[in-house]
Amino acid sequence: MFTRSNQGTENEHLFYDVDYVVYCEGKGVDGEGSSLDEVFWERVFTENGLSVHCKSMGSKSVVRPMAERVIQEEISHVLVAMDRDYDDMLGLEIDHPQVFYTYGYSWESDVILDFRFTAALSLFATTNRRNTIRAEFQAYRERLSQNLRRVCALDFKYIDNESQLFDRLKPMSIIATPGSHEPSVRISALLSNAKAIGSYQSGAMPSATYRKLCGVRSFFGKVVSRLVFHWFVFRTKRINGSRRVVYEAFMNLLTNTLDLKRLGMPRNQYYEGLVARL
């Protein structure tokens, strides 16, 4: 991959006429397109008063060395943003003003935690029962968060094992979408996989951490976002004249309409605090 000199990297913000260039995860898109990672991070920074240009570099294995380089070489006008994953629980988190982690497991987690549900519903369905359906979703998300706590703790045990608990490139592999019922995690499949792996574990999650755990926030974001997406599809199909929902379009809408100014929202306070450190 092409890399710029430290001076070139430091002066790159001048080319885009912004305060900072933000290197983040995600697959780079040519031309005028953007990755959803870029859309999310640009919204986080612009809503908090910064002018930025976001650039996807690929996986975290590429982005993290960039963060280390920025710190070691004291490169200014550059920020590095990445998914939290379990870095904080594993003691791997980089604490530096120019390094940003998502509030939850990933950007998908942060979007799903609190989004403008009725706005999304209005785009894909014509109904006057928006508030009722929104209450149904909130109840589902609460149940989901409770169920995902156990799944998250189990996943954490095996996260460093060569044989992972599930294929992270195929998030649908552990999601059940029966059609007649709301989607759920295939817990029996995960328990079967854990039994097949054996007793290896990276370390049990501390009980104090588990007690405070929010499953929607802390479990693998690509699974959580697809659970919510499939619930949305499941629920809107019951509405006459509803329109087809596509995952990428759904997540793009939620990300672009994300309310990062809502008072009292811990996610919003978290990002406001990070930007204030710069």
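The values are calculated or read from the model by the stated rules, or taken from the named source; none is laboratory data. Note that the structure is predicted; figures quoted are calculated from it, not measured. Virtual Cβ from ideal backbone geometry, glycine too; neighbours counted across all protein chains shown. Side chains included, ligands, DNA and RNA excluded: accessible areas come from the protein's heavy atoms. Shrake-Rupley method; radii C 1.70, N 1.55, O 1.52, S 1.80 Å.
Overview of values
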| item | result |
| --- | --- |
| Residues located in the range 57-115, provided they are more than 28 Å from Leu213 (Cα to Cα), more than 18 Å from the chain's Cα centre (by Cα) and assigned to a helix (DSSP H, G or I) | Pro65, Met66, Glu68, Arg69, Val70, Ile71, Gln72 |
| Verdict on Arg134 being touching a helix residue (DSSP H, G or I) at 6+ places or on another chain (Cβ under 6 Å), outside any loop (DSSP other than H, G, I, E, B), buried (at least 17 other Cβ atoms within 10 Å of the Cβ) and not assigned by the TED database to the domain that holds Met89 | no |
| The range 235-245, residues that are assigned to a loop (DSSP other than H, G, I, E, B) and surrounded by 12 or more Cβ atoms within 10 Å (Cβ to Cβ) | Lys237, Ile239, Ser242, Val245 |
| Residues satisfying the stated conditions in the range 85-118, i.e. of a type in the set (D, E, K, R), under 19 Å from Val151 (Cα atoms) and open to solvent by 20 Å² or more (accessible area, probe 1.4 Å) | Asp85, Asp88 |
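Conditions (1) in a loop (DSSP other than H, G, I, E, B); (2) over 21 Å from the mean Cα position of the chain (by Cα), marked per residue:
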| position | (1), (2) |
| --- | --- |
| Arg149 | no, no |
| Ala153 | no, no |
| Ile159 | yes, no |
| Glu162 | yes, yes |
| Ser173 | no, no |
| Glu182 | yes, yes |
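Results for (1) of a type in the set (Gly, Ala, Ser); (2) in contact with a Ser or Thr (Cβ under 6 Å, 6 or more places away or on another chain); (3) more than 23 Å from Arg226 (Cα to Cα), shown as yes or no for each residue.
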{"position": "Ser76", "(1), (2), (3)": "yes, no, yes"}
{"position": "Val80", "(1), (2), (3)": "no, no, yes"}
{"position": "Arg84", "(1), (2), (3)": "no, yes, no"}
{"position": "Leu92", "(1), (2), (3)": "no, no, yes"}
{"position": "Trp107", "(1), (2), (3)": "no, no, no"}
{"position": "Ala120", "(1), (2), (3)": "yes, no, no"}
{"position": "Phe124", "(1), (2), (3)": "no, yes, no"}
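Results for (1) part of a loop (DSSP other than H, G, I, E, B); (2) of a type in the set (Phe, Trp, Tyr), shown as yes or no for each residue.
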| position | (1), (2) |
| --- | --- |
| Val228 | no, no |
| Val233 | no, no |
| Phe250 | no, yes |
| Leu258 | yes, no |
| Gln269 | no, no |
